Amino acid sequence: MEDLFGGAAPYYARYRPGYGQAAMEHLAETFGEDSRVLDLGCGPGTIAIPLARRVRAVLAVDPAREMLAEGRRLAEGVANIAWLQGDSTVLRRLPPFEHVVMGRSFHWMDRGSVLAELDELLPAGGAVALVGPARQRGEPWQPDAQPWQPVERRVCEEFGLDIRTAADSFHATGEHHHDVLAASPFCRVESRVFSRRLVWDVDGLVGLQLSYSYSSPARLGDRLPAFVETLRRALLADNPAGRWEQELVSEVLVARRR
Ligand SMILES: C[S@@+](CC[C@H](N)C(=O)[O-])C[C@H]1O[C@@H](n2cnc3c(N)ncnc32)[C@H](O)[C@@H]1O
């Protein structure tokens, strides 16, 4: 578990886009300013850090020491975040919290068990919020949706890296988070979608690629420099202007009990 994103944390912190201010506002309003929120699978604090300005306290929990170290570094001076090493199997051992947020992390977990356990731990009115890329229910996942992704995929395949090897329950079962929530005690689900325009350069796309678990620096080992060079060349051969645009659409699912 610890090595899932081996060596990726600095790339994650620098190159993985967050969800934007409007999405953070929505979370803050959902939880309320006096709340204590668990950010489970917090990574380098993508949600924990902006959210901490708007709530009483954030418990930022992740199994990866490297992610927590990046988070602590980025959050220097933010006093109301507690960074703890742990995962979705240690929820009972954590200090009390009233709401939970999971950003791009729920798919790594045994989703049904986590929700059943949260049902025992969260007070009445406690919300579970899931944040991540917007995906239509019932539609197959599209690995090549962005213009640069076929190139990245080709290079990854050349290096024996397969996005589908990631232990991702969404891909494995096809069951959308929304449906998992709807079948759980947190069955009252509301969805909000937030859009942003991003512009990438080649360094950004290479850094983004190194932030993924299936192509992390640890997975590449001593092939890392060759991978970076090959990917950079392939991207620029495909698009010599070196500028890529993306409409990043994120979804926030807020789920409550009946
Ligand atoms: C893609 S990152 C998401 C980071 C951040 N929350 C965000 O929104 O960008 C997924 C994180 O989930 C963590 N993770 C993986 N399995 C987990 C589990 N079972 N329980 C909690 N966190 C887990 C990983 O270590 C990683 O930092």
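The values are calculated or read from the model by the stated rules, or taken from the named source; none is laboratory data. Computed from a prediction, not measured in an experiment: that's the story for all the values here. Heads up, the Cβs are rebuilt from the backbone with ideal geometry, glycines too, and the neighbour counts pull from every protein chain shown. Ligands, DNA and RNA are stripped out before the accessible areas are found, and what is left, the full protein with its side chains, is counted by its heavy atoms. Shrake-Rupley method; radii C 1.70, N 1.55, O 1.52, S 1.80 Å.
A few notes on this one:
- Between G45, G20, the distinction of being crowded, with 21+ Cβ neighbours inside 10 Å and touching a Lys or Arg at 6+ places or on another chain (Cβ under 9 Å) belongs to G45 only.
- The lone criterion from (1) in contact with a Cys (Cβ under 9 Å, 6 or more places away or on another chain); (2) open to solvent by 10 Å² or more (accessible area, probe 1.4 Å) left unmet by Y11 is number (1).
- Selection of helices (runs of 4 or more DSSP H) fully inside segment 168-258 by the criterion of at least 3 residues being away from the ligand (no atom under 16 Å from the Cβ) returns 177-182, 202-210, 224-238.
- Residue within segment 149-157 that is in contact with a strand residue (DSSP E or B) (Cβ under 9 Å, 6 or more places away or on another chain) and either farther than 22 Å from G18 by Cβ or open to solvent by 60 Å² or more (accessible area, probe 1.4 Å) (or both) present: no
Here's the yes/no breakdown for (1) touching a Phe, Trp or Tyr at 6+ places or on another chain (Cβ under 9 Å); (2) touching a residue at least 60 places away in the same chain (Cβ under 8 Å):
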| residue | (1), (2) |
| --- | --- |
| R197 | no, no |
| S211 | yes, yes |
| S215 | yes, no |
| G221 | no, no |
| F227 | yes, yes |
| R233 | no, no |
| L236 | no, no |
| R243 | yes, no |
| L248 | yes, yes |
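- Only listed residue being of a type outside the set (S, T, N, Q), farther than 30 Å from E245 by Cβ and modelled with pLDDT under 95, chosen from G138, G77: G77
- Selection within segment 111-136 - over 14 Å from R257 (Cβ atoms) and part of a loop (DSSP other than H, G, I, E, B): A134, R135, Q136
- Residues located in segment 85-103, provided they are surrounded by fewer than 22 Cβ atoms within 10 Å (Cβ to Cβ) and either out of contact with any helix residue (DSSP H, G or I) (no Cβ under 8 Å at 6 or more places or on another chain) or outside any strand (DSSP E or B) (or both): G86, D87, S88, T89, V90, L91, R92, R93, L94, P95, P96, E98
- In the condition set (1) open to solvent by 50 Å² or more (accessible area, probe 1.4 Å); (2) under 15 Å from L40 (Cα atoms); (3) within 17 Å of the chain's Cα centre (by Cα), F106 is compliant with all but (1).
- The residues in segment 73-105 that are within 9 Å of the ligand (Cβ to nearest atom) and in contact (Cβ under 8 Å) with a residue 60 or more places away in the chain can be counted, and the count is 6.
- Residues that are over 15 Å from the mean Cα position of the chain (by Cα) and more than 8 Å from the ligand (Cβ to nearest atom) number at least 1 in the following helices (runs of 4 or more DSSP H) confined to segment 1-64: 21-31, 48-52.
- Condition check for L130: open to solvent by less than 20 Å² (accessible area, probe 1.4 Å) and not β-branched (V, I, T): yes
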